[in-house]
Amino acid sequence: MFDFSIFTQWFDQLLRITIGCPEWLAILIECVLVGTGILLGYALIAIVLIFMERKVCAYFQCRLGPMRVGYWGLLQVFADVFKMLVKEIFIVDRADKVLYLVAPLLVIIGSVGAFSFLPWNNGATILDFNVGVFLLTAISSIGVVGIFLAGWGSNNKYSVVSAMRGAVQMISYEMSLCLCLITAVILTGTMQMSGIVEAQTGPWKWLIFQGHIPAIIAFFVFLIAGNAEANRG
């Protein structure tokens with residue numbers, strides 16, 4: 001597999017030595033490019049998965065799914081995004097404006113931040129800590145706080161009850177997800193995300209093959225709990 005660190009080191013030397021950027025400017029440029037890459041990858045993956053979900057659900061229900069915008073409905077997701085962007089943004093009466101606006105940001109931060117711990121390629125890991133699994137679960141759990149703040153900030157008792165139910169449901173599924181991650185940590189002997197990936201390099205090295213029945217059970221539990229926490233059908 002191509003070592004992506006070769007490219008990153010070349011680009012760093014290009015900024016610092018060839019162009020002559022000061023250290024703070026080089027770090028700033030690299031951080032901006034990395035952040036843009038994460039957001040771009042996040043958006044592309046979301047577009048593909050949303051389209052796949054709508055088509056698969058339609059197939060289950062003997063329908064065709066979105067077909068009108070673009071060939072075979074390929075541009076339907078872009079049309080939906082454009083529709084949401086041009087909608088009027090308003091704040092509910094008597095709502096706590098700060099909490100009401102911060103809540104969706106926390107959900108997005110928790111979702112996008114989890115991407116920073118994923119090893120995309122050899123040498124292409126953005127944040128590779130020795131306790132990466134722990135930090136991944138911690139960052140992704142921020143979304144639960146955003147869900148609760150959305151209901152609390154609206155200053156409506158029915159919204160608060162609904163937000164509490166949603167937050168409790170997400171927390172209950174996260175317990176199952178964390179137990180499944182512990183299975184991967186035990187089988188690989190490390191909490192570092194890159195180490196878990198490297199332990200599965202090669203044919204028949206996946207944990208569902210190495211770990212046998214416990215790993216297979218953890219895989220299916222993670223699949224079900226992950227879809228349930230994401231509120232997917």
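Taken over segment 158-233, the percentage of Cα pairs per 5 Å bin, counting from 0 up to the bin with the maximum distance, is 3, 15, 20, 20, 16, 10, 7, 5, 3, 1, 0. Extension gain for the segment residue 80 to residue 178, taken as residue separation times 0.36 nm less the Cα-Cα distance, is 31.9 nm to one decimal. Against the empirical 2.2 N^0.38 Å (N residues), the chain has a Cα radius of gyration ratio of 1.21. Rounded to the nearest 20 debye, the dipole magnitude of the chain is 900 debye, with +1 charges on Lys and Arg beta carbons, -1 on Asp and Glu beta carbons, and the Cα centre as origin. Subtracting the Cα-Cα distance of residue 24 and residue 40 from their residue separation scaled by 0.36 nm leaves 3.3 nm. Around the amide H of residue 206, modelled in the peptide plane, lies no amide H under 5 Å away from a residue 5 or more places distant or on another chain.
Each 5 Å bin from 0 upward holds the following percent of the Cα-Cα pairs of segment 103-205: 2, 13, 18, 19, 16, 12, 9, 6, 4, 2, 0.
Overall, the anisotropy analysis places segment 110-158 in the prolate class: the square-rooted eigenvalues a ≥ b ≥ c of its C-alpha gyration tensor yield a/c not less than 1.5, with a/b exceeding b/c. Restricting the calculation to Cα atoms, every distinct pair contributes to the Kirkwood radius of segment 63-117, found to be 14.3 Å. Considering only alpha-carbon pairs that sit under 8 angstrom and 6 or more positions apart, the relative contact order computed for segment 153-233 is 36 percent.
Amide H to amide H, with H built 1.01 Å from N, residue 129 comes under 5 Å of 193, counting only residues 5 or more places away or on other chains. Apply the membrane-span-like helix rule to the chain: whole DSSP H runs, Cα extent along the own long axis of at least 27 Å, mean Kyte-Doolittle hydropathy at least -0.5. List the helices found. Helix filter hits for the chain: 23-60, 97-115, 157-188. Entry note, the chain: relative contact order of 17 percent, from Cα contacts under 8 Å with a spacing of 6+ residues. Straight-line cross-link partners of residue 87 among the lysines, defined as a Cα under 21 Å from its Cα and at least 8 positions apart when in the same chain: 97.
Under the simplified labelling scheme, the residue 109-residue 61 pair shows an inter-label distance of 3.6 nm, with each label point 7 Å from Cα along Cα→Cβ. A prolate overall shape is assigned to segment 1-86, the ratio a/c of its alpha-carbon gyration tensor axes (a ≥ b ≥ c) being 1.5 or greater and a/b exceeding b/c. Rolling a 1.4 Å probe over the protein heavy atoms gives segment 58-125 an accessible area of 77 Å² per residue. Accessible surface of segment 50-189, 1.4 Å probe: 70 percent of it comes from carbon and sulfur atoms. For segment 193-233, the calculated P(r) over all alpha carbon pairs, in 5 Å bins from 0 to the bin holding the longest distance, is 6, 22, 19, 21, 17, 11, 4 percent.
The values are calculated or read from the model by the stated rules, or taken from the named source; none is laboratory data. All values reported here derive from a predicted model rather than from experimental measurement. For neighbour counting, all protein chains shown are included, and Cβ atoms are generated from backbone atoms with ideal geometry for every residue, glycine included. These accessible areas exclude ligands, DNA and RNA; they are computed on the full protein's heavy atoms, side chains included. Shrake-Rupley method; radii C 1.70, N 1.55, O 1.52, S 1.80 Å.
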